[in-house]
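J.: First the structure, which I've put down as structure tokens, then a few questions once you've had a look.
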Amino acid sequence: MNMKSVTMGWLGRQSPAAAYDKLAGVVQHNLDALDRQIAHVAALEPLERMFRLVSGFLPGWSFPAVAPLYDADLRELIERRLAAAGSFARAHDVRLSMHPGQHAILATLRESALENAIVDILDHLAVFEM
């Protein structure tokens, strides 16, 4: 049920085809793991049916050098699988949450840090919209 990841540096050192294959494999694995995790939580007592999604389960989703690897086919897969996961969670009364990382600081004077925090929060919103 564990999620996998891949570093942005590793993806950047690969050919576009190899980077896509690795990323697509990690995403597929993580979507499968998410289904198993939600199913596990759905089997718990009603008051225990809460689950926090790992923020980075779509590695590099908004990272400028990696985002283009999320082509239409991969995005369609993600949208379809997340919609199904959300439907399953609702049907089994599993409350889902997701929290930005500690680096997402809105109370900052650094413009770049604020921009990164907003991107991170919008990424979380995109996951829940799907």
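The values are calculated or read from the model by the stated rules, or taken from the named source; none is laboratory data. Please read all numbers here as calculations on a predicted model, not as lab measurements. These accessible areas exclude ligands, DNA and RNA; they are computed on the full protein's heavy atoms, side chains included. Shrake-Rupley method; radii C 1.70, N 1.55, O 1.52, S 1.80 Å.
J.: Which percent of the accessible heavy-atom area of the stretch 80-127 goes to carbon and sulfur, probe 1.4 angstrom?
T.: Carbon plus sulfur share of accessible area: 61 percent.
J.: Still on this structure: Taking only C-alpha pairs under 8 Å that are 6+ residues apart, what is the relative contact order of the chain in percent?
T.: 26 percent.
J.: If you don't mind, another one. How long is the stretch 51-130 along each principal axis, judged by its Cα atoms, biggest number first, in Å?
T.: If we take the Cα atoms of the stretch 51-130, the spans are 43, 29, 15 Å.
J.: Moving on. Pairing the Cα long axis of helix 111-129 with the longest principal axis of the chain, what angle in degrees results, from 0 to 90 and rounded to the nearest 10?
T.: Once rounded, one gets 40 degrees.
J.: Moving on. Have a look at HIS103, HIS92, HIS40 and tell me which one the Gaussian network model of the chain (Cα, springs below 10 Å) gives the largest fluctuation.
T.: Largest GNM mean-square fluctuation: HIS103.
J.: Return a whole-number percent for the relative contact order of the stretch 65-121, with Cα pairs under 8 Å and 6 or more residues apart as the contact set.
T.: 20 percent
J.: If I fit a long axis through the Cα atoms of helix 16-42 and take the longest principal axis of the Cα atoms of the chain, what angle between them do I get, 0 to 90°, rounded to 10?
T.: Taking the Cα atoms of the chain, the angle to 16-42 is about 20 degrees.
J.: In degrees from 0 to 90, rounded to the nearest 10, what is the angle of the helix 72-91 Cα long axis to the longest principal axis of the chain?
T.: The angle comes out at about 30 degrees.
J.: Would you look at the GNM of the chain, springs on alpha carbons closer than 10 Å, and say which of ALA19, ALA65, ALA39 moves the most?
T.: Highest fluctuation of the listed residues: ALA65.
J.: Build a GNM of the chain with springs between Cα atoms under 10 Å: which of LEU47, LEU58, LEU69 gets the top mean-square fluctuation?
T.: For the chain, modelled as a Gaussian network with Cα springs under 10 Å, the answer is LEU47.
J.: With a 1.4 Å probe and all protein chains left in place, how much accessible area per residue does the chain have, in Å²?
T.: Normalised by residue count, the accessible surface of the chain is 60 Å².
J.: How big is Rg to Rh over the stretch 5-91, alpha-carbon atoms, Rh as the Kirkwood inverse-mean-distance radius?
T.: That ratio is 1.05, to two decimals.
J.: As a test of the formula, what do you get for the chain when each DSSP H run with n ≥ 4 contributes -39,500 (n - 2.57) and the sum is divided by the residue count, at 222 nm and rounded to the nearest 500 deg cm²/dmol?
T.: It lands at -18500 deg cm²/dmol.
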